[in-house]
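Comments concern the structure below.
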């Protein structure tokens, strides 16, 4: 698989922020920088059925393997749409060295 990074997504990571009013732990998403990805529509109906989502809201992204990502990350495109990771991030360390993410666009 050869991927062609053509889209910049802003990565938001889920972090431990502190204590709330009642002493509870408060977590939130914080910007963690921009990521260059190969961003594509998912065309595999079986993948959409496996995750139980509509095919028109499902995307796949290929990212360099050296970029640190977690399954809890969110991404924002230049149009203001947010995407979150479905399932686990798959890593392919041999030959092309990339990570594959399945992303679903969040509703407003």
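Structure above, values below:
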| quantity | calculated |
| --- | --- |
| Whole-Å semi-axes of the stretch 45-108's equivalent ellipsoid (Cα gyration tensor) | 21, 15, 9 |
| Gaussian network model of the chain, springs between alpha carbon atoms under 10 Å - residue of 82, 39, 95 with greatest fluctuation | 95 |
| Sorted by Cβ density within 10 Å, fewest first, the residues 45, 85 | 45, 85 |
| Exposure proxy order (Cβ contacts within 10 Å, fewest to most) of 59, 51 | 51, 59 |
| Over the chain: helical MRE at 222 nm, DSSP H runs n ≥ 4 each giving -39500 (n - 2.57), nearest 500 | -1500 deg cm²/dmol |
| Potential extension, residue 8-residue 36 segment - 0.36 nm per residue separation minus Cα distance | 9.6 nm |
| Size descriptor, Kirkwood hydrodynamic radius, that averages inverse alpha-carbon separations across the stretch 8-59, Å | 14.0 Å |
| Gyration tensor over alpha-carbon atoms, the chain, equivalent ellipsoid semi-axes in Å | 26, 17, 13 |
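Just so you know, all these numbers are worked out from the coordinates, no wet-lab data involved. Computed from a predicted model, the values in this text were never measured in an experiment. Cβ coordinates were reconstructed from backbone atoms using ideal geometry, including for glycine residues, and neighbour counts include every protein chain displayed.
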